[in-house]
Amino acid sequence: MDARRTIDHGQVCIKRITNVSDEIAIAKYLSSRELLSDSRNHCPPIFDDFVDPEDPMIIYMIMPLLRDFNDPEFGFHGEVVDCVTQLLE
């Protein structure tokens, strides 16, 4: 789900996850000020998170929109190599 932040009207992505997952804890750790400044950290920052008021088992994580869903695929082989290199770091 996509939305806009009220602070700066920037596009954000809202990701729905279950609270039994460790994903939110890991994402918050990787979004810490110290780790965000590390050039090897390619994880998007987590702006906010909140529990679904109707289902406490669901958490919504707010992060920047990185790419539109219909964004074109890789255009050059070097882009694929760079992506794989970053994924394996």
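Checked against (1) exposed (fewer than 12 other Cβ atoms within 10 Å of the Cβ); (2) at pLDDT below 90; (3) assigned to a loop (DSSP other than H, G, I, E, B), Pro56 meets all criteria but (2). Going residue by residue through segment 70-81, is there one that turns out to be of a type in the set (A, V, I, L, M) and in a strand (DSSP E or B)? No: zero hits. Give the residues of segment 1-26 that are touching a residue at least 24 places away in the same chain (Cβ under 8 Å), outside any strand (DSSP E or B) and under 12 Å from Tyr60 (Cα atoms), sorted by residue number. Once the filter is applied, which keeps residues that are touching a residue at least 24 places away in the same chain (Cβ under 8 Å), outside any strand (DSSP E or B) and under 12 Å from Tyr60 (Cα atoms), segment 1-26 yields Asn19, Glu23, Ile24. For first residues located in segment 39-59 and touching a residue at least 24 places away in the same chain (Cβ under 8 Å) and closer than 20 Å to Asp82 by Cα, partners that are loosely packed, with under 14 Cβ neighbours inside 10 Å and not hydroxyl-bearing (Ser, Thr, Tyr) and lie 6+ apart or on another chain with Cβ distances below 6 Å form the pairs Arg40/Glu89; His42/Gln86.
When you scan segment 66-83, do you find a residue that is in contact with a helix residue (DSSP H, G or I) (Cβ under 6 Å, 6 or more places away or on another chain) and not basic (Lys, Arg), even just one? Yes, some residue in segment 66-83 is in contact with a helix residue (DSSP H, G or I) (Cβ under 6 Å, 6 or more places away or on another chain) and not basic (Lys, Arg). Yes or no: Val20 exposed (fewer than 12 other Cβ atoms within 10 Å of the Cβ), farther than 21 Å from Gln86 by Cα and of a type in the set (Val, Ile, Thr)? In short, yes.
Flag not set for Val12, criterion: open to solvent by less than 90 Å² (accessible area, probe 1.4 Å), farther than 24 Å from Cys83 by Cα and at pLDDT 90 or above. Within segment 31-44, does at least one residue satisfy the condition of being surrounded by 14 or more Cβ atoms within 10 Å (Cβ to Cβ), assigned to a strand (DSSP E or B), out of contact with any Phe, Trp or Tyr (no Cβ under 6 Å at 6 or more places or on another chain) and not β-branched (Val, Ile, Thr)? Within segment 31-44, none of the residues are surrounded by 14 or more Cβ atoms within 10 Å (Cβ to Cβ), assigned to a strand (DSSP E or B), out of contact with any Phe, Trp or Tyr (no Cβ under 6 Å at 6 or more places or on another chain) and not β-branched (Val, Ile, Thr).
The values are calculated or read from the model by the stated rules, or taken from the named source; none is laboratory data. Just so you know, these numbers come straight off a predicted model, no measurement behind them. Counting neighbours? That spans all protein chains shown, and the Cβs are built from the backbone with ideal geometry, glycine included. Calculation scope for accessible area: heavy atoms of the full protein, side chains included, ligands and nucleic acids excluded. Shrake-Rupley method; radii C 1.70, N 1.55, O 1.52, S 1.80 Å.
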